[in-house]
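The values are calculated or read from the model by the stated rules, or taken from the named source; none is laboratory data. This structure is a prediction, so every number in the text was calculated from the model and none was measured. When we count neighbours, we look across all protein chains shown, and the Cβ atoms used for this are built from the backbone with ideal geometry, even at glycine. What goes into the accessible areas is simple: the full protein's heavy atoms, side chains included, and nothing from ligands, DNA or RNA. Shrake-Rupley method; radii C 1.70, N 1.55, O 1.52, S 1.80 Å.
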Amino acid sequence: MILWLGAAVAASLLLYPVWVVHRQTLGHHERIEHDPSEWGAPFESIEHTAEDGVRLKGWWIPGRSHKAVLLIHGNRGSRNGYHSGIFELGAWYWRRGFHVMMVDLRAHGESGGERISFGIREHADLLGWVERLDPECAYAWHLHGFSMGASTALMMMERRPERFRGALVDAPWIDFHALARQELWRRAHLPAFLYPYVRWIARTFFGIDFEAADNKERCRRLCGRAVLYIFEENDTLVTPFHRRLLRELCPAAEILLFEHSGHVDAFKECPDRYTEAIDSFLASLESCGPEK
């Protein structure tokens, strides 16, 4: 009996983390209930097939200038923007003349796919989509992402720095390993000593390399690039630890802090201050030299 009990406990220790990684990497599909006609904007429904065959869906909203922005929602979000207000932010950019690209990431909204990869596959998807949509580099592209979408934007900026004029990243994690350990304990009560096993599970069974999702060296390499980092002081997911770590990695990083907001709540709660900061950041990009 003791042997059987020991075997059952050992099996649980081995199998439970597999189930946890499976559950925590599933996406979130939802019907898109709003569209840019609500802003009075003409728009085109666009689609793109990722390299692995996943079908992605989004909108292209033509503007009246040569500037374009790609808005990237976070985990369990979509173009609807219920979490971050990204739908209303798209209207704000469009009214300022931007061409606006809004998409559902893989495994979200009305796009295909089942599983997220914390920006790893997502950033490759979006780079391919931007290249197909604008092969002649006719637009001056900007990125604006939230949470996982913010980390996706950092990956895009690092991989193709010449393609993007600047990036605004709201609540990006800096240390993915610290974030994963934190959430594995919060959501599944998995202790820190199991983290190497969890990383192995993610890589071996789900093809997700946690090291590639980590932003520490990425932020160091992007130091000096046109990136505005936005953090919320009361964020319990991307805690103040990440902001302090960013400051250590890149003392010159441009950081905007919203003292009384939670995770990706700043735009919804403080829209005037938020959009004033965007205007200021965009103006600084124009003062640095002519755009494409």
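What residues from segment 138-167 fall in the zone where the backbone N is under 14 Å from a label point 7 Å along the Cα-to-C-beta line of T236?
It comes to no residues whatsoever.
Between the helical axis of 271-287 and the dominant principal axis of the chain, each derived from Cα atoms, what acute angle in degrees is found, rounded to the nearest 10?
70 degrees
Using only the Cα atoms of segment 90-153, each taken as one equal point scatterer with no solvent, compute I(q) by the Debye sum, divide by I(0), and report log10 of the ratio at q = 0.24, 0.29 Å⁻¹.
Those come out to -1.18, -1.36, one per q.
Only four residue types carry charge here, +1 at the Cβ of Lys and Arg and -1 at the Cβ of Asp and Glu. Report the dipole size of segment 194-292 about the Cα centre in Debye, rounded to the nearest 20.
So the dipole magnitude of segment 194-292 works out to roughly 580 debye.
For the residue pair E44 and R220, what label-to-label distance in nm results when each label sits 7 Å from Cα along the Cα-to-beta-carbon direction?
4.3 nm
Rounded to the nearest whole Å², what accessible area per residue is found for the chain with the 1.4 Å probe?
45 Å²
With n ≥ 4 as the cut-off for DSSP H runs, can you work out [θ] at 222 nm for the chain, using -39500 (n - 2.57) per run divided by the number of residues, rounded to the nearest 500?
Value at 222 nm, helices only, nearest 500: -13000 deg cm²/dmol.
What length, rounded to one decimal in nm, is gained on full extension from R95 through to E276, with 0.36 nm per residue of separation minus their alpha-carbon distance?
63.7 nm
Under 8 Å for C-alpha pairs, at least 6 residues apart: give me the relative contact order for segment 27-122, rounded to a whole percent.
36 percent
Return the distance in nm (one decimal) between the two label points of a simple spin-label model at R163 and V18, each offset 7 Å from Cα along Cα→Cβ.
3.6 nm
Of T239, C270, L190, which is farthest along the charge dipole of segment 150-278 in the positive direction, counting Lys and Arg as +1 and Asp and Glu as -1 at C-beta?
L190
Please work out how much length the chain gains when fully extended from E88 to E30, using 0.36 nm per residue of separation minus the C-alpha to C-alpha distance, in nm with one decimal. Could the numbers behind the result be given before it?
Details: separation 58, 0.36 × 58 = 20.88 nm, distance 1.80 nm.
Using 0.36 nm per residue and subtracting the Cα-Cα distance, I get 19.1 nm.
For K67, list the aspartates and glutamates whose Cα falls under 17 Å from its own Cα; do not include residues on the same chain fewer than 8 positions away.
Leaving aside aspartates and glutamates fewer than 8 places away in the same chain, those within reach of K67 are E131, D134, E136, E162, D279, E286, E291.
Given Cβ point charges of +1 (Lys, Arg) and -1 (Asp, Glu) and nothing else, what value in debye, to the nearest 20, does the dipole of the chain about its Cα centre take?
Numbers: 34 positive and 39 negative charges, 139 e Å.
Dipole magnitude for the chain comes out near 660 debye.
When the convex hull of the C-alpha atoms of segment 10-95 is computed, what volume per residue in Å³ does it have?
Hull volume normalised by residue count: 132 Å³.
Quick one: what are the phi-derived ³J(HN,Hα) couplings along segment 180-195, Karplus 6.51/-1.76/1.60 with θ = phi - 60°, whole Hz, x for glycine and proline?
Listing the rounded values in order: 5, 4, 4, 6, 5, 6, 4, 8, 9, 6, 8, x, 4, 5, 8, 4 Hz.
Cα atoms only: what Rg and Dmax, in Å, come out for segment 1-160?
Looking at segment 1-160, its Cα Rg and Dmax stand at 19.1, 75 Å.
Which listed residue (S78, W92, Y16) has the Cα farthest towards the positive end of the charge dipole for the chain, taking +1 on Lys and Arg C-beta and -1 on Asp and Glu C-beta about the Cα centre?
Selected residue: Y16.
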